[in-house]
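Reviewing the structure listed below.
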């Protein structure tokens, strides 16, 4: 499946590292302005998060500096943008953070869902809501009347 051990960037001065340094320099010299590009794909717009960067930014570096199957580490993953982009680019994203909200959002963004199961659960919720509104309409009207000015 992946490359074992994963390729790591080191501080040695062999040809591989010069190549990585040159690639990084090249990536940094290119246009990193992603305004006007769609950042709402996958689950990136699931929730707003402070200091969130456009997903195209980590994608550019992930694709430029790693190969499919490599491990991408994000030690301060926030809401998981880099981990999700690693997954979408065929890498194995690993991240951690101390922010409980960031951890919850990251898990939500990167947990694969079975569309059939989601549709089935959605139908069950709708059925229960319809049943409750039919069977308890008087109670619902009282609650709404007390909460809303009518």
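The values are calculated or read from the model by the stated rules, or taken from the named source; none is laboratory data. Computed from a predicted model, the values in this text were never measured in an experiment. As a convention, Cβ positions derive from the backbone with ideal geometry for all residues, glycine included, and neighbour counts pool all protein chains shown.
Tabulated data for the structure shown
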{"item": "Unique residue being modelled with pLDDT under 85 and farther than 25 Å from residue 111 by Cα when the list is 35, 44", "result": "35"}
{"item": "Which numbered condition residue 90 misses (of (1) at positive phi; (2) at pLDDT below 95)", "result": "(2)"}
{"item": "Residue check for residue 108: surrounded by 10 or more Cβ atoms within 10 Å (Cβ to Cβ), out of contact with any helix residue (DSSP H, G or I) (no Cβ under 7 Å at 6 or more places or on another chain) and in the same structural domain as residue 55 (by TED's automatic domain parsing)", "result": "yes"}
{"item": "Filter result for the condition that a residue is touching a strand residue (DSSP E or B) at 6+ places or on another chain (Cβ under 9 Å) and either surrounded by 12 or more Cβ atoms within 10 Å (Cβ to Cβ) or not assigned by TED's automatic domain parsing to the domain that holds residue 28 (or both), over 72, 118", "result": "72"}
